[in-house]
């Protein structure tokens, strides 16, 4: 009986160690919600183009992104989406010796990263046209 219990515990510990905390909790895709005021702006991230409001699914394996927002009659915007370390990856350190396997799993799989910001709400600024002096 003791051997079966010990075997089960070892198998479970091995299974847990093969996927890090960030892999279990976060996965390697993250949602980015983008809204503009007024709505209907063109949103570009790399080779993808959508219309606001929109939600993108971004792979955390890739480094940061630049969100380009444009709408006719309004100033264009560029917003950096940065990749930072996911706090869930730090929980691997509490696995003790199993962290030797679990910690690298999160980084190799890309799950140790998260993007910030996760929501973008921008009010677009109208383009100011120079006013012409009135001729008399």
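The values are calculated or read from the model by the stated rules, or taken from the named source; none is laboratory data. Model, not experiment: these values are computed from the prediction. All Cβ positions, glycine included, derive from the backbone under ideal geometry; neighbour counts span all protein chains shown.
Residues in segment 1-56 that are in a loop (DSSP other than H, G, I, E, B) and modelled with pLDDT of 95 or more: 38, 39, 40, 41, 52, 53. For residues that are more than 23 Å from residue 33 (Cβ to Cβ) and either in a strand (DSSP E or B) or at pLDDT 65 or above (or both), tally how many sit in segment 73-89. The number of residues fulfilling the criteria is 1.
Restricting attention to segment 99-119, and to residues there that are surrounded by fewer than 18 Cβ atoms within 10 Å (Cβ to Cβ) and at pLDDT 70 or above, which single residue is nearest to residue 82 (Cα to Cα)? Result: 116.
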